[in-house]
Amino acid sequence: MKIGVVIYPTGGPTIDAIVERVARAEARGFASVWMPSVRAYDTLTVFALAGRATSTIELASFVIPTFPRHPSALAEQALATQSATGGRLTLGIGLSHRVSMEGRLGFDWDHPVRHLREYLSCLGPLLRGEPTTFAGEEYKLDEAQVSVPNVTAPSVLVAALGPQLLRLTG
């Protein structure tokens, strides 16, 4: 059995303290560290740093909201983090919640399923380093490509609430 631990970046720890927590989790034998995206330190940046201070522990994000990050930008950051961690990133993404994305940040929440479908259609090929052309209603890419040498795409986990999103992600 594999056991992981959640580390919350809120409440005042420094980035060095969070990296030290990840290193302690690895030293204590935990298989993974999970860290949410909660408007504190950027999870992928913390993991890139923690990956340099550790060697075996899986580093898993939950849930990085898709609305604020273009799929190309997230692919760049995820692949850089994957490179810095020696391939130990698990990328957890999702829509977040309407109140946060629409109410607090001003994103249009009229078509969340379409948004996530198009997002995943763009993100997957970009993470694999493939030239990507996509013309949807939410996103348009023209031969976009992310090229990070000697890196494989991280595993992607998608948070889904409701039957339509469960069908899409299933």
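Structural remarks
- For the chain, the 222 nm mean residue ellipticity estimated from helices alone, with every DSSP H stretch of n ≥ 4 adding -39500 (n - 2.57) and the total spread over all residues, rounds to -11000 deg cm²/dmol.
- With the highest mean first, a sort of the peptides 95-105, 123-133, 8-18 on other beta-carbon atoms found within 10 angstrom per residue produces 123-133, 95-105, 8-18.
- A Förster radius of 25 Å, combined with the Cβ-Cβ distance separating ALA31 from SER121, puts the computed FRET efficiency at roughly 0.20.
- The mean of 1/r over all distinct Cα pairs in the stretch 104-161, once inverted, gives the Kirkwood hydrodynamic radius of 12.8 Å.
- Three-way shape label, the stretch 73-141, alpha-carbon gyration tensor, a/c 1.5: oblate
- Accessible surface of the chain, 1.4 Å probe: 52 percent of it comes from carbon and sulfur atoms.
- With each label modelled as a point 7 angstrom along the Cα→C-beta vector, the ARG24-THR10 pair spans 2.1 nm.
- Here the chain yields Rg over Rh of 0.97, to two decimals, using C-alpha coordinates and the Kirkwood radius.
- Positive-end residue, the stretch 1-42 charge dipole about Cα centroid, Cβ charges, pick of ILE3, VAL38, ALA25: ILE3
- Centroid-to-centroid separation of the stretch 127-170 and the stretch 6-29 [C-alpha atoms, Å]: 29
- Where only C-alpha atoms are counted, convex hull volume of the stretch 1-97 per residue in Å³: 94
- Mean accessible surface per residue for the chain, computed with a 1.4 Å probe while every protein chain stays in place, in Å²: 52
- Residues with amide H under 5 Å from that of GLY94, placed H, sequence gap 5 or more: ILE64, THR66, ALA159
The values are calculated or read from the model by the stated rules, or taken from the named source; none is laboratory data. The shown structure was predicted, so the numbers you read here are calculated from the model rather than taken from an experiment. Cβ sites come from the backbone with ideal geometry, for glycine too, and all protein chains shown count toward neighbours. Quick note on the areas: whole protein, heavy atoms, side chains included, nothing else; ligands and nucleic acids left out. Shrake-Rupley method; radii C 1.70, N 1.55, O 1.52, S 1.80 Å.
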